[in-house]
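Below is one structure, written out as structure tokens; the observations come after it.
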Amino acid sequence: MLPALILALAALGIALLRLWSYRAQLLDMARMLEETPAESNLRLTVRMSGTAPRRLCRAINARLEEGRRLRLEARQQEQELKYTMACISHDIRTPLAGAVGYLELLEGEPDRQEEYLDIVRKRLAELEELLEELFLYTRLQGGSLPLECGETAVLPPLWEVLAEFYPQLEAAGVEPALCFDREDMTVWTSGPALDRVYRNLIANALRHGGGGLTVTGRDGEICFSNQLSPGSAPDPERLFDRFYQSGPARGKGGAGLGLSIVRELMERMGGQASARITGNVLEIKLSFSRV
């Protein structure tokens, strides 16, 4: 009887010791969580044996890591929002300030009325273009722009867009060269989206290019090539980032969203847009889905 009682008391003592150890460890973990700043890289450790304590420790560490990740994402999004607002404010204020300035000049120099009114119209047109790009980009980011894709001929809409840009192309001394394997070439795309892609790429070549524009097409791919303007050295890895404009490009207008919209539209249609620089020639390739 006595040996059994001794064994029972020993077992009880071991159980109490283990419970005390569990309690001490849990209190230690709670103290660490309470005293450590939320932005720290705290990771809890456990000294207790057994599956349950280790599982609890892993679960808490996983939540801590997830919380750190979410805080980092929120901080990055806040920084991106501030940067976006700064870019938008600058890009909208520039043409608006120009228009206001020439309207003030118009009041003092009525004999130059037509000249100043023409400049004001151009500034307001730039502002309208900026707002249109911002609105389109916002719709793309919010997923509120439905795209209905199908087999679409690539050359007719390209001819139409080039015709619309004829005055700007002529003023810049740019004569586009087209080289397609077949005149009846088709790709899987949305007609309105393809039209916007063409517009943005031609506008980009006119605004930031150094002359010349070549458009080639074969096997579901279309490539726009143009010479870079003197002193321009864009990073092809960043060309499709929103608001990205290399040094000399910042003063040439645009919100820096044109190529971002091209990429977004291409990806929404299951395709890709990529860029590379060979010598002083920028090549932007559109690869369409082969559905």
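Some observations on this one:
- The length gained by stretching the chain between ARG139 and GLU267 to full extension, at 0.36 nm per residue less their Cα-Cα distance, is 44.6 nm.
- Scattering profile of region 101-179 at q = 0.14, 0.22 Å⁻¹ [log10 I(q)/I(0), Debye over alpha-carbon scatterers]: -0.82, -1.08
- DSSP bridge analysis restricted to region 141-240 gives an antiparallel fraction near 70%, rounded to the nearest 5.
- Scaled against 2.2 N^0.38 Å for its residue count N, the alpha carbon radius of gyration of region 182-245 is 1.25.
- Estimated D of region 161-291 in µm² per second, where Rh is the Kirkwood radius over Cα pairs and Stokes-Einstein applies at 4 °C, 1.567 mPa s: 86 µm²/s
- When you count the other C-beta atoms within 10 angstrom of each residue and take the mean per peptide, 34-43, 171-180 line up highest first as 171-180, 34-43.
- At most 11 other Cβ within 10 Å, DSSP loop - GluC sites (Glu not before Pro), region 150-219: GLU183
- Residue order, fewest to most surrounding Cβ atoms within 10 angstrom, among LEU134, LEU27: LEU27, LEU134
- Whole-angstrom gap from region 136-194 to region 209-225, using each part's C-alpha centre: 12 Å
- The Rg/Rh ratio of region 136-190, with Rg taken over Cα atoms and Rh as the Kirkwood radius over Cα pairs, comes to 1.10.
All of the numbers you see were taken from the coordinates with simple rules; none came from a lab. Since we're looking at a predicted model, the values are computed, not measured. Heads up, the Cβs are rebuilt from the backbone with ideal geometry, glycines too, and the neighbour counts pull from every protein chain shown.
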